[in-house]
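The values are calculated or read from the model by the stated rules, or taken from the named source; none is laboratory data. Keep in mind that this is a model prediction, so the values were computed, not measured. Here the Cβ positions follow ideal geometry from the backbone for every residue, glycine too, while neighbour counts run over all protein chains shown.
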Amino acid sequence: MSNYYDEYHGNFSLSATAKILDIGKGRNEFIALLRDKKILMKKGQFNEPYQYFINQKYFVVHCFNNEDFHRLIPVIYVTPKGLEWLSKMFSKKTKLSMISTDILQSLEDKTESMKY
């Protein structure tokens, strides 16, 4: 799990999520699949989860300052709850089954306590 765990507040990058779910798609194909399923929307040159899925706490979006281009760049992260939800949605045998529920709950609790 440590290979996929994103250090950003206990959440997972879309790239790591695609690998964990082991659905046979890389990051870009995974993003396209999420757009096809109306989970993500294309907003300009970026992708963004629909508000419903953010409200469900499946995703968080953090903006990072890109000093080279003088703009904020939104980055999508999948929460532990979102990882579990996506795992059920794709219902293939995933590497997630190797992660105990206790660890997922611990990550979710940690994420909740880090909110500001």
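Within the stretch 75-105, work out how many residues are over 13 Å from the mean Cα position of the chain (by Cα) and at pLDDT 65 or above.
Counting residues in the stretch 75-105 that are over 13 Å from the mean Cα position of the chain (by Cα) and at pLDDT 65 or above gives 4.
List the residue pairs whose Cβ atoms are under 9 Å apart, where the first residue sits in the stretch 60-84 and is closer than 12 Å to residue 49 by Cα, the second is loosely packed, with under 13 Cβ neighbours inside 10 Å and of a type outside the set (Asp, Glu), and the two are 6 or more positions apart or on different chains.
74/43; 74/63; 74/64; 75/63; 75/64
Condition (residue is surrounded by 11 or more Cβ atoms within 10 Å (Cβ to Cβ), β-branched (Val, Ile, Thr) and within 15 Å of residue 15 (Cβ to Cβ)) applied to the stretch 41-60: is it met by at least one residue?
For the stretch 41-60, residues surrounded by 11 or more Cβ atoms within 10 Å (Cβ to Cβ), β-branched (Val, Ile, Thr) and within 15 Å of residue 15 (Cβ to Cβ): absent.
Which residue pairs have Cβ atoms under 8 Å apart, sit 6 or more places apart or on different chains, and have a first residue in the stretch 8-27 that is under 12 Å from residue 82 (Cβ atoms) and a second that is in a loop (DSSP other than H, G, I, E, B) and among the basic types (Lys, Arg)?
From the stretch 8-27, the pairs are 21/92.
Does residue 57 fit the bill of being among the basic types (Lys, Arg) and at pLDDT 95 or above?
Working: among the basic types (Lys, Arg): yes; at pLDDT 95 or above: yes.
For residue 57, the condition - among the basic types (Lys, Arg) and at pLDDT 95 or above - is met.
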